[in-house]
Amino acid sequence: MAFSYAGSPIAIRDDLTAAHSRVWERLGSPGTWFDATTRVEVAAELRNARHCTLCRRRKEAVSPYTLDGLHDGLGTLPESRVEIIHRIVTDPGRLTQSWYRRMLATGISEEEYVELVGLIAHVTVLDSFARAVGMSAQPLPEPKPGAPTRYRPAEARQHEHWVPTIAFEDHGPNEADMFPVKPANIRLAMTLVPAEARSFFDLSANQYLAGPKMFDFGHEFRAITHRQIELLAGRISALNQCHY
């Protein structure tokens, strides 16, 4: 089924529809470390996480680490991946580096973890958008055949992040397009899997504002002002316990 906002109760900008369509096209295609079937299974599991009994009980607990048990998973992914997906979706503000290291000890690689984060971020944005405009979430795409690229940038090193990243001063020619200027720290977060980082900030440029426009306070590029955008962003970040 093709990606569409037909029937939306409000008009959706063409650039937004195009950006969201690119996300859905990538979701159903082989990625860097997961094939397309796994990527779509991750999307299905993150939607399922919102109804998980264990996640609800952990969210209500003083500490999520005091409760053991099994998630209400769909049964298509290993339990360690289900744990990662459910925790990031339902309680991201209380993730710890020791938890992350325990997840690596189950056999998932650093690169796979970053691709999971990327998939969750992309699908969460589009599902939240659909809910905000009064529509149902888009049907998940049919997986396309093919193998993941398994591309790991040679310049990725362990810096201050939990996962290896590419530092501005280290980037090579393959990732030069991602570093036109020294980026904000958040733009480095998924550079271990450049395809996820590129795609997410393409989405951000259309969902929010492209980098140069963020600092062009002499012009307004959306139906609301810079100040109104930042007020909404700050409030949503606070509600989601985003401490960045």
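Tabulated results
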item: Positions within region 1-22 being assigned to a loop (DSSP other than H, G, I, E, B) and not basic (Lys, Arg), in sequence order; result: Met1, Ala2, Phe3, Ser4, Tyr5, Ala6, Gly7, Ser8, Pro9, Ile10, Ala11, Ile12
item: Counted residues, region 108-137 - those being surrounded by 20 or more Cβ atoms within 10 Å (Cβ to Cβ) and either among the aromatic types (Phe, Trp, Tyr) or at pLDDT below 95 (or both); result: 1
item: Test: Thr38 is under 30 Å from Leu16 (Cα atoms), among the polar types (S, T, N, Q) and part of a helix (DSSP H, G or I); result: yes
item: Residues located in region 126-139, provided they are over 28 Å from Leu188 (Cα atoms) and not β-branched (Val, Ile, Thr); result: Arg131, Ala132, Gly134, Met135, Ser136, Ala137, Gln138, Pro139
item: Sole residue being in contact with a Gly (Cβ under 8 Å, 6 or more places away or on another chain) and closer than 16 Å to Glu45 by Cα, chosen from Glu83, Glu79; result: Glu79
item: Output for region 227-242, where each listed residue is out of contact with any Gly (no Cβ under 8 Å at 6 or more places or on another chain) and either in contact (Cβ under 8 Å) with a residue 12 or more places away in the chain or part of a loop (DSSP other than H, G, I, E, B) (or both); result: Ile229, Ala233
item: Cross-chain or 6+ apart pairs with Cβ under 8 Å, region 69-89 first and within 10 Å of Cys55 (Cα to Cα) and at pLDDT 95 or above, then surrounded by fewer than 19 Cβ atoms within 10 Å (Cβ to Cβ) and of a type in the set (Val, Ile, Thr); result: Asp72/Thr53; Val89/Thr124
item: Pairs where the first residue, in region 122-134, is assigned to a loop (DSSP other than H, G, I, E, B) and the second is of a type outside the set (S, T, N, Q) and surrounded by fewer than 17 Cβ atoms within 10 Å (Cβ to Cβ), C-beta under 6 Å, 6+ apart; result: Val133/Ile10; Gly134/Pro9
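The values are calculated or read from the model by the stated rules, or taken from the named source; none is laboratory data. It should be emphasised that the depicted structure is a prediction, and the values quoted were computed from it without experimental measurement. We place every Cβ from the backbone using ideal geometry, glycine too, and count neighbours over all the protein chains shown.
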